[in-house]
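The values are calculated or read from the model by the stated rules, or taken from the named source; none is laboratory data. This structure is a prediction, so every number in the text was calculated from the model and none was measured. Neighbour counts run over all protein chains shown; Cβ positions are idealised from the backbone, glycine included. Surface areas here come from the heavy atoms of the whole protein model, side chains and all, with no ligands, DNA or RNA. Shrake-Rupley method; radii C 1.70, N 1.55, O 1.52, S 1.80 Å.
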Amino acid sequence: MSDVWQQQRQRMVDEQLRPRGIHDQRILAALANVPRHLFVPEALQDQAYSDQALPLTLGQTISQPYIVALMAQELLLNPHEQLLEIGAGSGYAAAVFAELVCKVVTIERHQALAQQTQVRLRNLGYVNIEVIWGDGSLGYPAAAPYHAISIPAATPQLTQTLLGQLHDGGRLVAPVGDAQDQQLIRLQRHGQNWQKTTISNVRFVPLIGAGGWEHAPETTAEGE
Ligand code: SAH
């Protein structure tokens, strides 16, 4: 059975990632390696390597593989770095990042999801991922600074509190916009200056908390 999953993953890499411009070999290898079928609800396992976001519990989603690869590529990651992810969800993206950097801190506002994800990642043997339960919309100062911050949830703004947690030279990738449509952007810090790159138009579930939306917005997006 494991070979069958591996073949499906390789096909995902060859058909969904390479043709769309994911060319970083380390990222392709990470996505070919992380068992996405173990991060989705059991009933959806046969769709684990399809080209789409899938529902998790509590109205949340596991991102589309291409989006995870795109965010990883745009984060310009190096092996010695520490990354913060705001929105652990299933832990899938955290597992991909954990193959690319030396330490991942991932924070999730739903307690049940955070606990489940922590157990899943531990069982899969990921020792370089720390799962935190809490509101990460203003970052996680306790482990700052970070070389990279990934936000897989739509946010109306990026606060100074959050941006201040990046190292000089650090990168943040996030979907910024309203609840319906966002632009995936990268901000790279150069001292007190920020270089902004717009990547693509996307649709993510909302970031809810002090630095995002106070409550779930009326029109909730369905993943990306
Ligand atoms: N990276 C995840 C998918 C994330 S979906 C994966 O690979 O499965 C976005 C997640 O962000 C959801 O789980 C949602 O509960 C979480 N979230 C939303 N607002 C948050 C906040 N303020 N702090 C932490 N997590 C938040």
Exercise. Just give me the residues in the stretch 88-108 being surrounded by fewer than 24 Cβ atoms within 10 Å (Cβ to Cβ) and either within 13 Å of Pro152 (Cα to Cα) or aromatic (Phe, Trp, Tyr) (or both), in sequence order.
Key: Ile107
Quiz prompt | Filter result for Ala114 (away from the ligand (no atom under 12 Å from the Cβ), surrounded by 13 or more Cβ atoms within 10 Å (Cβ to Cβ) and at pLDDT 95 or above) | solution = no
Practice problem: Go through Arg171, Arg189, Arg122 for me and flag whichever is touching a Gly at 6+ places or on another chain (Cβ under 8 Å) and among the basic types (Lys, Arg). | Solution: Arg189
Quiz prompt | Given (1) more than 10 Å from the ligand (Cβ to nearest atom); (2) under 20 Å from Val202 (Cβ atoms); (3) free of Cβ contacts under 8 Å to residues at least 60 places away in the same chain, index of the condition Thr106 fails | solution = (1)
Quiz item: Got at least one residue in the stretch 88-97 being in a strand (DSSP E or B), hydroxyl-bearing (Ser, Thr, Tyr), closer than 30 Å to Leu166 by Cα and free of Cβ contacts under 8 Å to residues at least 60 places away in the same chain?
Solution: no
Quiz item: Only one residue in Leu138, Leu172, Leu166 is within 22 Å of Gln192 (Cα to Cα), in contact with a His (Cβ under 9 Å, 6 or more places away or on another chain) and of a type in the set (A, V, I, L, M, F, W, C). Which one?
Solution: Leu166
Quiz item: Would a scan of the stretch 69-83 turn up a residue that is in contact with a Gly (Cβ under 8 Å, 6 or more places away or on another chain), in a loop (DSSP other than H, G, I, E, B), open to solvent by 10 Å² or more (accessible area, probe 1.4 Å) and touching a residue at least 12 places away in the same chain (Cβ under 8 Å)?
Solution: no
Quiz item: Looking at Gly125, is it over 19 Å from Leu166 (Cβ atoms) and without any contact (Cβ under 8 Å) to a residue 40 or more places away in the chain?
Solution: yes
Quiz prompt | Boolean, Val104 is part of a helix (DSSP H, G or I), β-branched (Val, Ile, Thr) and either touching a strand residue (DSSP E or B) at 6+ places or on another chain (Cβ under 9 Å) or on the phi < 0 side of the Ramachandran plot (or both) | solution = no
